[in-house]
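Following: one structure in C-alpha cells, then a few remarks.
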Amino acid sequence: MTTSKVWFITGASRGFGRIWVEAALARGDSVAAAVRKTAALDDLARQYPDTLQVLSLDVTDRDGVARAVAEAAARFGRLDVVLNNAGHGCMGAVEEVAAEDVRATFETNVFGSLWVIQAALPLLREQGFGHILQMSSVAGVVALPTAGIYEGAKFAVEGIVEALAGEVERFGIKVTLIEPAGYATSFLEGPTMKQAPEIAAYNVVREELAERLTADQLGDPRATVPAILKLVDSDKPPLRLILGDLLPLVKDIYADRIRTWESWEDVSKAALRL
C-alpha cells in the first residue's frame, strides 16, 4: 500500500497543476498549492481543509519562494514531491518577440523553477529523500518555428535539471523532467501566453506549421493522472517521462541529428588540433 505523500506544486490554479492537485488530494495525499490568486482554489480548500494548504506565490520572487517552501514544510513536516509547474509562454518568430516577453518567459520558466529547486534542496537533503518533478515540454526536446523563445527556456530547464539529477542522487533525491506532448489545457489561450505581433514575412512559416499541427492531435490532460501518480510512487523513476505519443517524433529528431553529426565527422575531428 502506498504511503500518503506531501506535495508542493506551483502553478496549481489551472491546467495540469489543478488536475494533479485534485488527483493527489483525492487519493489522500497532502498538498501545498502555490498560486498567484488563492481564490482560484477556494472550492478545494473547503473540500480538503486538513490536507490542502493554499499559498500565494509569484515564482519569480525568490524570497517569496523561500517563504512558501518553508511554510509548506512547517505545515506538513516534510515534502515528498516538489512539482515545478508554473509556466509562461511566448509565441512568435525570433525576430518578432519583444524583449519584455522574452525576459518574462525566462523569469518564470527558468529562474522561477530554479528558485523553487534551490529553496527545496536544503530540506530534501536534510530529509534524505524527495522527488523533484520539473515540467518541461515537447518544446524542451524539439524546436519548431515560431516558438523559439519558449523552447529556449524549456531547453535551458532540461539542461539545469539533468545536471541537478547527477548532483543530488547521492542525497536520496530523485529528479524527473516531465515532457508533455500537446494537450488541450488552457495554457495556449490563457493570460500567461503572449503572442508577438506578426511580421508578414513569416506568415508562410506559420501556415506550413498549421498544416502539420491540428487540434485533434491534442491529448486529454486528465488522462495524465495515472502516469503522474505512478511516477511519484516509483522507487526508481526515470529522469525523463514523456506524456503522450511523442516518442516517434523524438526518435526521428535524434536520428536526424546523429546523421548530421556523422556526415560532418571528418570536419569535426579535423578541428581538434592543427
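Taking the stated definitions as given, is Val232 more than 22 Å from Pro180 (Cβ to Cβ), touching a residue at least 40 places away in the same chain (Cβ under 8 Å) and either among the basic types (Lys, Arg) or surrounded by 10 or more Cβ atoms within 10 Å (Cβ to Cβ) (or both)?
no
Report those helices (runs of 4 or more DSSP H) wholly inside region 215-274 carrying at least 2 residues which are under 16 Å from Val175 (Cα atoms) and of a type in the set (Val, Ile, Thr).
Counting at least 2 such residues, we get 225-233.
State the number of residues belonging to region 135-172 that are of a type in the set (A, V, I, L, M) and assigned to a loop (DSSP other than H, G, I, E, B).
Restricting attention to region 135-172, the residues satisfying the condition of being of a type in the set (A, V, I, L, M) are 135, 138-139, 141-144, 147, 149, 153, 156-157, 160-161, 163-165, 168.
Restricting the remaining residues to those that are assigned to a loop (DSSP other than H, G, I, E, B) gives 141-144, 147.
Number of matching residues: 5.
Could you identify the single residue in Phe106, Phe111 that is surrounded by 18 or more Cβ atoms within 10 Å (Cβ to Cβ), assigned to a helix (DSSP H, G or I) and aromatic (Phe, Trp, Tyr)?
Only one candidate qualifies: Phe106.
Does Val175 fit the bill of being part of a strand (DSSP E or B) and either touching a Cys at 6+ places or on another chain (Cβ under 8 Å) or of a type outside the set (Asp, Glu) (or both)?
The answer is yes for Val175.
Whether any residue in region 191-207 is out of contact with any Lys or Arg (no Cβ under 9 Å at 6 or more places or on another chain), touching a residue at least 12 places away in the same chain (Cβ under 8 Å), surrounded by fewer than 17 Cβ atoms within 10 Å (Cβ to Cβ) and small (Gly, Ala, Ser) is what I want to check.
No, the conditions are met nowhere in region 191-207.
Matching residues to (1) at pLDDT 95 or above; (2) among the β-branched types (Val, Ile, Thr):
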{"residue": "Leu133", "(1), (2)": "yes, no"}
{"residue": "Val138", "(1), (2)": "no, yes"}
{"residue": "Ile149", "(1), (2)": "yes, yes"}
{"residue": "Ala156", "(1), (2)": "yes, no"}
{"residue": "Gly159", "(1), (2)": "yes, no"}
{"residue": "Leu164", "(1), (2)": "yes, no"}
{"residue": "Met193", "(1), (2)": "no, no"}
{"residue": "Tyr202", "(1), (2)": "yes, no"}
{"residue": "Glu211", "(1), (2)": "no, no"}
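Surrounded by 11 or more Cβ atoms within 10 Å (Cβ to Cβ) and at positive phi: does that describe Gly244?
For Gly244, the condition - surrounded by 11 or more Cβ atoms within 10 Å (Cβ to Cβ) and at positive phi - is met.
With the structure loaded, tell me whether Val232 is at pLDDT 95 or above and of a type in the set (A, V, I, L, M, F, W, C) or whether it fails that test. Show your work before the answer.
Details: at pLDDT 95 or above: yes; of a type in the set (A, V, I, L, M, F, W, C): yes.
Considered against the rule, which asks whether it is at pLDDT 95 or above and of a type in the set (A, V, I, L, M, F, W, C), Val232 comes out as yes.
Report the residue count in region 94-103 for those that are of a type outside the set (Asp, Glu) and either surrounded by fewer than 19 Cβ atoms within 10 Å (Cβ to Cβ) or modelled with pLDDT under 95 (or both).
So the answer is 4.
How many residues does region 115-146 hold that are over 24 Å from Ala227 (Cβ atoms), buried (at least 19 other Cβ atoms within 10 Å of the Cβ) and of a type outside the set (Val, Ile, Thr)?
Of the residues in that region, 3 qualify.
The values are calculated or read from the model by the stated rules, or taken from the named source; none is laboratory data. Source: prediction; values computed, not measured. Heads up, the Cβs are rebuilt from the backbone with ideal geometry, glycines too, and the neighbour counts pull from every protein chain shown.
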